[in-house]
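Inspection log for the structure reproduced underneath, given as structure tokens.
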Amino acid sequence: KNEVEQSPQNLTAQEGEFITINCSYSVGISALHWLQQHPGGGIVSLFMLSSGKKKHGRLIATINIQEKHSSLHITASHPRDSAVYICAVGGAQKLVFGQGTRLTINP
Amino acid sequence: EAGVAQSPRYKIIEKRQSVAFWCNPISGHATLYWYQQILGQGPKLLIQFQNNGVVDDSQLPKDRFSAERLKGVDSTLKIQPAKLEDSAVYLCASSLLAGIYEQYFGPGTRLTVT
């Protein structure tokens with residue numbers, strides 16, 4: 001079993017829909033990261049959080065430390081949100097990455 | 001603020017050839033990471049430097065991969081000789097320090113081994 005599991009692996013939705021991507025982890029962490037990777041592009045950090053909830057524009061990230069679970073929500077989704085979203089958990093020294101969720105938003 | 005720079009962006013080589021990738025981290029960032037990302041998977045850490053010292057290279061295939069960060073700034077990753085399964089995107093990232101600090105990623109180098 002992977003230390004970081006994301007679901008779903010692939011998600012296709014229509015523009016305007018509310019999107020949720022889940023991340024569960026089995027290791028102790030100091031912080032959890034949500035990253036975005038566009039096709040052919042590098043990786044951009046969206047959030048780093050260790051408790052509670054963070055919001056940036058249409059993106060919301062939550063984490064439940066006791067349940068070892070985090071969610072990334074996208075409100076009013078748009079085709080430009082199409083990308084791979086990666087959850088990574090950080091310990092004392094390094095990050096362990098999930099396999100990513102490929103999101104496609106159709107107009 | 002300039003981001004993490006990597007070169008080349010793309011490289012195609014034949015198996016058994018050698019290849020080298022270069023990374024220049026964000027100025028002042030002590031920690032530098034090299035990741036391998038195979039298509040459809042998340043990044044896998046190959047090696048982590050703290051200044052010019054190696055912190056973690058447990059997943060680096062040392063029989064063919066090597067990396068250095070001699071002056072604690074830029075870094076090179078080398079593969080010699082390359083195998084077909086080395087085809088991947090090689091990502092460099094840097095952070096102020098290790099641990100809970102945010103990592104900043106470069107654009108990556110896409111390697112194709114034929």
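Farthest toward the positive end of the dipole of the range A:8-97, out of A:Ala61, A:Gly40, A:Ile74, is the Cα of A:Ala61, where the dipole comes from beta carbon charges about the Cα centre. For the range B:50-66, backbone phi angles converted through the Karplus equation (6.51, -1.76, 1.60; θ = phi - 60°) give residue-by-residue couplings of 10, 6, 9, x, 7, 8, 8, 10, 5, 9, 8, x, 5, 6, 9, 9, 9 Hz, Gly and Pro being listed as x. Pick from B:Phe65, B:Phe49, B:Phe21 the residue whose mean-square fluctuation is largest in a GNM of chain B, springs joining Cα atoms under 10 Å. Per the Cα network of chain B with a 10 Å cutoff, B:Phe65 tops the list. Note on A:Lys68: aspartates and glutamates with a C-alpha under 19 Å away, same-chain residues under 8 apart excluded, are A:Glu3, A:Glu5.
Summarise the partner chain shielding of B:36-43 as one whole number: the mean count of Cβ atoms from other chains within 10 Å of each residue's Cβ.
Values: counts 0, 5, 0, 0, 5, 5, 16, 10.
Mean number of neighbouring Cβ atoms from other chains: 5.
Under a 5 Å amide H cut-off, with hydrogens placed 1.01 Å from N, A:Glu17 pairs with A:Ser77 among residues at least 5 apart or on other chains.
The H on the amide N of B:Val19, modeled in the peptide plane, is under 5 Å from the matching H of B:Ile79, each at least 5 residues off or on a different chain.
Neighbouring Cβ atoms from other chains, within 10 Å of the Cβ of residues in A:26-37, number 2 on average.
Please state the relative contact order of the range A:1-79 as a whole percent: Cα pairs under 8 Å, 6+ residues apart?
Working: 133 pairs, mean separation 26.2, N = 79.
Relative contact order comes out at 33 percent.
3J(HN,Hα) along the range A:42-57, derived from phi through the Karplus expression 6.51 cos²θ - 1.76 cosθ + 1.60 where θ = phi - 60°, amounts to x, 9, 10, 7, 9, 9, 10, 9, 10, 6, x, 8, 9, 9, 9, x Hz, with x in place of Gly and Pro.
In plain terms, the chain from B:Arg64 to B:Leu39 could stretch by 6.9 nm, reckoned as 0.36 nm per residue minus the Cα-Cα distance.
Inside 10 Å of the C-beta atoms of A:43-52, what's the mean count of C-beta atoms belonging to other chains?
On the way: counts 13, 2, 5, 0, 1, 4, 0, 1, 0, 0.
Taking the mean over all residues of the peptide, I get 3.
Take B:Ser18, project a point 7 Å from its Cα along the Cβ direction, then tell me which residues of the range B:65-103 have their backbone nitrogen under 15 Å from it. So the set is B:65-68, B:76-83. Restricting the calculation to Cα atoms, chain B yields a radius of gyration followed by a Dmax of 13.2, 39 Å. Mean separation of Cα pairs under 8 Å and 6 or more residues apart, divided by the residue count, gives the range B:1-67 a relative contact order of 21 percent. In order along the range B:102-108, the Karplus-derived 3J(HN,Hα) couplings, from 6.51 cos²θ - 1.76 cosθ + 1.60 at θ = phi - 60°, round to 5, 9, 10, 9, x, x, x Hz, and Gly and Pro are given as x.
Each value in this text was obtained by applying a stated rule to the coordinates, not by laboratory testing. Bear in mind that the values here come from a model prediction, so they are computed numbers and not experimental data. Reconstructed Cβ throughout: ideal geometry from the backbone, glycine too, with neighbour counts over all protein chains shown.
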